[in-house]
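Structure first, then comments.
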Amino acid sequence: QVQLVEDGGGLVQPGGSLRLSCAASGLTFSDAAMAWFRQAPGKEREIVAAVNWGAPVKYYAEFVKGRFTISRNNAENTVSLQMNSLKPEDTAVYYCTTRNGDLSRSRVDYHYWGQGTQVTVSS
């Protein structure tokens, strides 16, 4: 059974930083693409960043480029999202997700989801 457990959300002031982490179990982690999506109230879930099983291949949504960094550790079965220069519009529930094969930008291509972690950016 695949399990994804996120950690690291919280309240931060604009311009601050947070690091989200996701621990995966029950899958062949080194064969799986990993991604972070987010969902704000009243909005659809959208992709933030993704990393292929071969870590050099990454994708970032335009609105986080230069601010967020996704990384994975295949030895520890974890994926992280370092978020810098946070803005109020980054406030959302952030979800870790995975799929077999190459990364995708579409949420329907991802098979397993974590429970989500709340990120709130406010002064």
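The values are calculated or read from the model by the stated rules, or taken from the named source; none is laboratory data. Everything quoted here is computed from the prediction, not taken from an experiment. Please note: Cβ atoms are built from the backbone with ideal geometry, for glycine as well, and neighbour counts cover all protein chains shown. The accessibility values were calculated without ligands, DNA or RNA, using every heavy atom of the protein model including side chains. Shrake-Rupley method; radii C 1.70, N 1.55, O 1.52, S 1.80 Å.
Summary of values
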{"read-out": "For F37: the one exception among (1) at pLDDT below 95; (2) of a type in the set (F, W, Y); (3) in contact with a Lys or Arg (Cβ under 7 Å, 6 or more places away or on another chain)", "value": "(1)"}
{"read-out": "Every residue from the range 72-98 that is open to solvent by 10 Å² or more (accessible area, probe 1.4 Å) and modelled with pLDDT of 95 or more", "value": "S80, Q82, N84, S85, K87, P88, E89, T91, V93, Y95"}
{"read-out": "Test: residue in the range 67-79 that is of a type in the set (K, R) and under 12 Å from the mean Cα position of the chain (by Cα)", "value": "yes"}
{"read-out": "Flag for Y60 being of a type outside the set (A, V, I, L, M, F, W, C), open to solvent by less than 50 Å² (accessible area, probe 1.4 Å) and in contact with a Lys or Arg (Cβ under 6 Å, 6 or more places away or on another chain)", "value": "no"}
{"read-out": "Residue count, the range 2-45 (criterion: open to solvent by less than 70 Å² (accessible area, probe 1.4 Å) and either farther than 21 Å from D102 by Cβ or not hydrophobic (A, V, I, L, M, F, W, C) (or both))", "value": "20"}
{"read-out": "Long-range neighbours under 7 Å by Cβ, at least six apart or interchain, first residue at positive phi within the range 68-80, second polar (S, T, N, Q) and open to solvent by 40 Å² or more (accessible area, probe 1.4 Å)", "value": "N77/S25"}
{"read-out": "Top-ranked residue in the range 47-57 [being under 13 Å from S104 (Cβ atoms) and open to solvent by 40 Å² or more (accessible area, probe 1.4 Å); ranked as modelled with the lowest pLDDT]", "value": "W53"}
{"read-out": "Restricting the range 105-123 to residues that are of a type in the set (G, A, S) and surrounded by fewer than 16 Cβ atoms within 10 Å (Cβ to Cβ), the residue that is farthest from Q39 (Cα to Cα)", "value": "S123"}
